[in-house]
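One structure below.
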Amino acid sequence: MTRRQDIAVDSHQAALARIIQSHASGTGDFSTPIAGVGLFRRNNPAPPVSCLVPPSIVLVAQGAKTMWVAGEAYPYDSSRFLVTSLELPANSEVTQASPHHPCLGLTLKLDQRILAELIAQGSLPPRRDRAVGTGVGIGVASDAILSPFRRLLELLDEPEAIPVLAPMIQREVHYRLLLSDQAARLRQIASVDGHGHRISKAIDWLKVNYASPVRVDELATRVQMSAPTFHQHFRQLTGMSPLQYQKWLRLTEAKRLMLSEYMDVSTAGFKVGYESPSQFSREYSRLFGFPPKRDIAVLRVQTGDAGKSANRPVQYHTETSPRLKKAPLRPS
């Protein structure tokens with residue numbers, strides 16, 4: 001970047017940090033009146049926390065984080081943004097933060113409809129996209145990317161303008177992303193004829209039917225792919241097999257049920273599809289490092305809820321244990 005571009009980037013980052021800090025007074029995650037936009041603030045470094053990341057862009061205006069996907073680290077800070085093109089099980093770690101210099105940032109859920117429309121309009125310059133691997137990547141936080149985000153967050157201080165201006169700015173963000181170094185990743189998932197789009201549909205189905213038995217060949221047929229091709233691309237994009245993905249969904253939902261709704265271990269395991277309590281406990285320990293009963297006891301101490309009544313469930317961060325919906329198996 002040129003010196004002028006560096007100055008512009010620094011100005012945008014400082015403005016974003018100032019706005020986020022004014023609207024995020026304490027540590028945590030904060031919703032906003034702008035659809036799809038959330039803010040976060042962390043006052044101290046934090047170890048990796050399990051989360052399900054939707055297709056989104058994550059900007060850090062101050063501090064630094066690392067996203068772990070399938071054992072691979074994706075560090076990002078004010079100079080680099082994180083982008084995900086699929087819903088990915090991951091672990092989010094805060095690596096740089098302090099009470100005087102908190103980690104501040106924002107998330108924007110990507111709209112695949114907007115991406116598809118922009119590509120179909122043919123207004124983007126032609127490009128020969130190289131094949132991409134996983135559904136997560138790190139991009140350069142340039143002036144072109146940061147400028148619309150700054151204008152988007154500035155609307156928080158002009159709420160009456162949000163319904164009119166926010167959709168236009170969000171569309172510009174998607175356009176800028178399709179011109180960025182992460183364009184190939186987003187084009188792959190936005191193409192309705194591409195493997196990425198079909199894997200996304202399979203993930204949507206797994207999220208609804210996570211507690212039901214799954215046959216990979218039937219799921220492949222559902223999204224109109226051969227079983228070997230489906231398995232190959234699913235693992236390539238998500239870092240895990242379809243059955244591993246389903247297992248992750250089951251176990252994180254069971255964790256939420258035990259912590260927030262005070263279900264016992266056996267009931268939670270049965271609720272998410274396990275018939276054997278011993279198998280549930282064994283697989284839970286492999287994923288989270290501790291048996292379920294011990295893990296939940298530790299988490300309750302950490303959240304200050306160890307002595308509360310079972311009739312008063314704790315407020316547990318939804319990013320770490322996403323609420324899932326169960327629905328019966330049904331044909332496409």
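Each reported figure results from applying straightforward, stated rules to the coordinates on display, with no laboratory input. Remember, it's a predicted structure, so these values are computed and weren't measured experimentally. Heads up, the Cβs are rebuilt from the backbone with ideal geometry, glycines too, and the neighbour counts pull from every protein chain shown.
A few notes on this one:
- Packing-based exposure ordering (other Cβ within 10 Å, fewest first) of Tyr175, Tyr274, Tyr284: Tyr175, Tyr274, Tyr284
- Packing, taken as the mean count of other beta carbons within 10 Å per residue, orders the peptides 262-270, 157-165 from highest to lowest as 262-270, 157-165.
- The packing ranking of peptides 102-115, 206-219, highest mean first, is 102-115, 206-219, where packing means the average number of other beta carbon atoms within 10 angstrom of each residue.
- Selection from Pro167, Ser147, Ile296, by position along the positive dipole direction of the chain (Cβ): Ile296
- Sorted by Cβ neighbour density within 10 Å, fewest at the top, the residues Ile7, Ile57: Ile7, Ile57
- Surface/4 of the Cα convex hull for the chain, nm²: 18.5
- Set Lys201/Lys271; Lys65/Lys271; Lys109/Lys293 screened for pairs whose C-alpha atoms are more than 28 Å apart: Lys65/Lys271; Lys109/Lys293
- Shown in residue order for region 56-70 are the 3J(HN,Hα) couplings computed by the Karplus curve 6.51 cos²θ - 1.76 cosθ + 1.60 at θ = phi - 60°: 6, 10, 10, 10, 10, 8, 7, x, 7, 9, 9, 9, 9, 10, 6 Hz (x for Gly and Pro).
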